[in-house]
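Below is one structure, written out as structure tokens; the observations come after it.
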């Protein structure tokens with residue numbers, strides 16, 4: 001009976017030692033976790049910074065490409081504007097010049113009519129002087145048209161051609177069984193283009209199917 005207190009004391013000592021060991025292990029584990037935590041946080045922070053940098057690089061690259069495309073478009077527009085300025089610089093001058101050519105062509109018609117004796121009095125004799133005038137004016141008008149063609153001004157004389165609303169202005173529609181409908185049967189005033197751009201539409205009479 002006297003040995004029991006000693007046994008209980010030994011048990012308590014062993015329990016104390018185990019508790020101390022467990023506490024020491026717990027502190028060691030906590031210390032290791034605390035030591036490992038900063039490294040994990042640093043890695044996560046670096047990953048976040050890397051992703052942010054990559055996103056910024058992508059945004060800057062996109063901006064650079066857009067700026068390059070805008071600059072190229074501006075260069076092309078400027079080049080096209082300069083080209084058009086050279087090609088169509090004469091447009092206003094041509095528009096002012098065309099009535100002079102119209103007058104020459106009217107003079108040719110009048111002189112030709114006089115040469116054929118189509119005077120108001122209806123005389124039938126040939127007027128040699130009028131014929132000479134008609135020929136001279138006609139040559140002058142042709143020379144005028146040839147010079148205009150050299151600088152890109154082309155005449156539109158579409159008689160017999162299909163009506164083209166882009167280049168023709170219909171002044172009247174007349175039934176004509178000898179022509180396809182919507183064909184130009186008469187030209188009242190010739191048209192002109194400058195390097196492909198319409199300066200003046202041709203005034204025409206258009207055929208239509210008989211009623």
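Annotation: average projected area of region 45-87 is 2.3 square nanometres, based on the convex hull of Cα atoms across all directions. Dividing the convex hull volume of the alpha-carbon atoms in region 89-211 by its residue count gives 126 Å³ per residue. Remark: 163, 93 ranked as 93, 163, counting other beta-carbon atoms within 10 Å and listing the fewest first. Computed over every Cα-Cα pair of region 153-211 and binned at 10 Å starting from 0, the pair-distance distribution P(r) comes out as 29, 49, 18, 4, 0 percent.
At full extension, residue 135 and residue 55 could sit 20.8 nm farther apart than now, given 0.36 nm per residue minus the alpha carbon distance. Between residue 44 and residue 69, the FRET efficiency from the beta-carbon distance, with R0 = 30 Å, is close to 0.20.
Bear in mind these aren't lab numbers, they're just calculated from the coordinates by the rules spelled out. All values reported here derive from a predicted model rather than from experimental measurement. Positions of Cβ are generated from backbone atoms using ideal geometry, with glycine treated the same way; all protein chains shown enter the neighbour counts.
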